[in-house]
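Quick notes on the structure that follows.
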Amino acid sequence: MSVLVRRARAEDAPALRAILQDTFESTWLPQLTPAAADAIRTEDRPAAYVGARGLEFWVGEVGGEVVGLIDWEGDFVNALHVRASHARTGVGGRLMDLAEAEIAKAGFAAVRLETDTFNLRSQAFYARRGFREADRYPDEEWNSGLTTLLLVKPLRDGD
């Protein structure tokens, strides 16, 4: 499968919101308390995030359809999301390759990101890429008693 990686455009906003909604429903929703899930729906967090940062995203496109996104600032990856229908097809890997290369090019010694302890699939993905756990702490974003893992990957030998 051919994946085109490009900078997000304003017209991608509906697709970006749909990707975030898809991953929310397939990954996060089963882990959240009903109150937390209702609050996230009421706040429409996907729309707020895309509105605030969407033009900073890079996207993965397959057959003309935007199916994945990545967002980073400095050395920290804020988000990597791929539609469930395109999981394990290489889209996430291509997006992470770009982020890691750009973070290294910017002079950072490592890449940092967070995932949660329940998300074993993401932990396995990042472990295969050389990320290791650096810390764990209560996840306050979802207000559901989850635990966040801070994962770090050195970008230079010896770090």
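The table below gives the values:
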quantity: Global form of the stretch 1-61, assessed from the alpha-carbon gyration tensor, a/c cut-off 1.5; calculated: oblate
quantity: Proxy reagent accessibility, fewest Cβ within 10 Å first, across Met1, Met96; calculated: Met1, Met96
quantity: Alpha-carbon Debye profile of the stretch 43-111, log10 I(q)/I(0) at 0.13, 0.22 Å⁻¹; calculated: -0.38, -0.98
quantity: Neighbour-count ranking [beta-carbon atoms within 10 angstrom, fewest first] of Tyr137, Tyr49; calculated: Tyr137, Tyr49
quantity: Long-range amide H partners of Trp72 with built H, under 5 Å; calculated: Asn78
quantity: J(HN,Hα) series, the stretch 131-143, from Karplus relation 6.51 cos²θ - 1.76 cosθ + 1.60, nearest Hz, glycine and proline x; calculated: 7, 10, 5, 10, 6, 9, 7, x, 7, 8, 5, 9, 6
quantity: Per-residue HN-Hα couplings for the stretch 3-14 [Karplus 6.51, -1.76, 1.60; θ = phi - 60°; Hz; x = Gly/Pro]; calculated: 10, 8, 9, 8, 5, 5, 10, 3, 6, 7, 3, x
quantity: Per-q log10 I(q)/I(0), the stretch 40-80, q = 0.16, 0.26 Å⁻¹ (Debye; single scatterer per alpha-carbon; no solvent); calculated: -0.48, -0.95
quantity: Compactness of the stretch 4-154, expressed as Rg and Dmax over alpha-carbon positions, Å; calculated: 14.9, 42
quantity: Residue order, fewest to most beta carbons within 10 Å, for Thr89, Thr33; calculated: Thr33, Thr89
quantity: Simple label model, 7 Å out from Cα along Cβ direction - Asp135 to Ala109, nm; calculated: 1.6
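Each value in this text was obtained by applying a stated rule to the coordinates, not by laboratory testing. Please read these numbers as outputs of a predicted model, since none were measured by experiment. Cβ coordinates were reconstructed from backbone atoms using ideal geometry, including for glycine residues, and neighbour counts include every protein chain displayed.
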